[in-house]
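Novice: Dropping a structure here in structure tokens format, bear with me for questions.
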Amino acid sequence: MNLALFGPPGSGKGTQAKFLVQHFGIPQVSTGDLFRGEIKVGSDLGRRAQADMDRGDLVPDDVTLEIARRRLSVPDTAGGVLFDGFPRTVPQAVELDRMLGGMGRRMDRVIFMQVPTEVLVDRMAGRLTCPKCGRTYHPKLAPPRKEALCDDDGTELIMREDDRPETARKRISVYLEQTLPVLAHYRQQHVVSDIDGTGAIEEVWQRILRAVRASTGGPAAGTRVAADSRGDDSSQGRLGSR
Ligand code: AP5
Ligand code: MG
């Protein structure tokens, strides 16, 4: 099964990815985490991505597709993947369709996490990230069990450079301009589920689980699922990001 978490910066993609990975046993492919890994080891690809990331801009499509292609060639992705923060432009989505098609696969479900802008900014301000596994925390909203240490591997948590308020706002505007159109691409394929990304982390997870189960014909009786079949993009206004 190939799934994608889609939503603005700070909408909770990384947070929910951990649950999906555990539940469905598929690896998370976060292009943001992959880039941060490349920067950490000082690779050429990391150097090509860093300036754009620091400014809050998107990394060019050719660089992003190179890192995605590389990751998809690793055998652990053969049974399915959870994409987080990819694809983020229409050309990336078109190329991903082509890559998956070449493997006899397709995008099965895109989970669109809708969160108002004020909430996004609050979540990103103060966010703590594990540099080792990518898990995110928040001192008030999602604190780690031991202060400043990752629950999973005990690594000291850091603040991301691009979470400074002005860069975070830039990332949100880049999302609205360049990434939101990707949703229309997937709505045409009738694979989008619209999820309310506000509320407790566990509540959001239950909404996602119901949506994925409903879309795959799993047990979801009595649940309200927004599996999309309109083929338009009329819910964009509900993002509440302007
Ligand atoms: P990336 O790393 O993908 O960042 P992003 O999309 O901007 O999203 P974030 O990681 O900031 O947010 P998230 O949705 O994962 O939220 P999280 O779960 O952490 O990309 C970074 C950069 O890399 C880009 O700007 C770009 O330059 C480049 N890049 C990456 N992919 C690219 C691509 N495909 N093409 C081009 N460039 C690319 O949650 C946020 C906070 O909220 C956390 O503190 C969390 O604890 C808290 N939280 C989460 N859920 C809840 C909840 N329900 N209630 C309360 N708090 C919550
Ligand atoms: Mg993330």
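Novice: Which trypsin sites (Lys or Arg not before Pro) in region 129-176 pass both tests, a DSSP loop state and at most 16 other beta-carbon atoms within 10 Å? All intermediate terms of the calculation are to be shown ahead of the outcome.
Specialist: Details: sites: K132, R135, K140, R145, K146, R160, R169, K170, R171; in loops: K132, R135, K140, R145, K146, R160.
Passing both the DSSP loop test and the Cβ count: K132, K140, R145, K146.
Novice: Would you mind estimating how fast region 101-183 diffuses translationally, via Stokes-Einstein at 25 °C and 0.890 mPa s with the Kirkwood radius over Cα pairs, in µm²/s? Don't skip to the end; give the middle numbers.
Specialist: Details: Rh = 14.9 Å.
It comes out at roughly 165 µm²/s.
Novice: If you average 1/r across every pair of different Cα atoms in the chain and take the reciprocal, what Kirkwood value do you get, in Å? Write down the numbers at each step before the final one.
Specialist: Details: mean 1/r = 0.0549 Å⁻¹.
One over the average 1/r among Cα pairs gives 18.2 Å for the chain.
Novice: What nm value, rounded to one decimal, do you get for the distance between H190 and D57 when each label is placed 7 Å out toward the C-beta?
Specialist: Label-label distance for H190 and D57, simple model: 4.0 nm.
Novice: Computing the accessible area with a 1.4 Å probe over protein heavy atoms, can you report the carbon and sulfur percentage for the chain? Don't skip to the end; give the middle numbers.
Specialist: On the way: 6010 of 11440 Å².
Ligands and nucleic acids excluded, carbon and sulfur give 53 percent.
Novice: Send over a whole-number figure in Å² for the accessible area per residue of the chain, probe 1.4 Å. Don't jump to the answer; show the numbers that get you there.
Specialist: Values: 11440 Å² over 242 residues.
Roughly 47 Å² per residue, with all protein chains present.
Novice: Where the centroid of each part is defined by its Cα atoms, how far is region 89-104 from region 34-66 in Å?
Specialist: 20
Novice: Can you give me the long-range amide H partners of L149? Hydrogens built in the peptide plane at 1.01 Å from N, cutoff under 5 Å, separation of 5 or more residues or another chain.
Specialist: Here the answer is L157, since their amide H atoms fall under 5 Å of that of L149.
Novice: For the chain, what is the percent of antiparallel DSSP beta bridges, rounded to the nearest 5? Write out the running numbers ahead of the final one.
Specialist: Numbers: 6 of 22 bridges.
Once the DSSP bridges in the chain are tallied, antiparallel ones form about 25 percent.
Novice: How many angstrom separate the Cα center of region 1-24 from the Cα center of region 173-211?
Specialist: So the two Cα centres are separated by 10 Å.
Novice: Further question: Kirkwood hydrodynamic radius, computed over distinct alpha-carbon pairs, for region 13-55: how many Å, to one decimal? Walk me through the numbers before you get to the answer.
Specialist: Numbers: mean 1/r = 0.0871 Å⁻¹.
About 11.5 Å for region 13-55.
Novice: Starting from the amide H of S30, placed 1.01 Å from N in the peptide plane, find each other amide H under 5 Å away whose residue is 5 or more places distant or on another chain.
Specialist: Long-range HN contacts for S30: D84.
Novice: Further question: With θ set to phi - 60° and the Karplus curve 6.51 cos²θ - 1.76 cosθ + 1.60, what are the ³J(HN,Hα) couplings of region 172-178 in order, to the nearest whole Hz, using x for Gly and Pro?
Specialist: Karplus-based 3J(HN,Hα) across region 172-178 equals 5, 5, 5, 4, 5, 7, 9 Hz.
Novice: Given H placed 1.01 Å from N in the peptide plane, which residues other than close sequence neighbours of V192 have an amide H under 5 Å from its amide H?
Specialist: Residues meeting the criterion, in which the H sits 1.01 Å from N, are V110, D228.
The values are calculated or read from the model by the stated rules, or taken from the named source; none is laboratory data. Given the structure is predicted, the values throughout are model-derived calculations rather than measurements. We place every Cβ from the backbone using ideal geometry, glycine too, and count neighbours over all the protein chains shown. Ligands, DNA and RNA are excluded from the accessible area calculation, which covers all protein heavy atoms including side chains. Shrake-Rupley method; radii C 1.70, N 1.55, O 1.52, S 1.80 Å.
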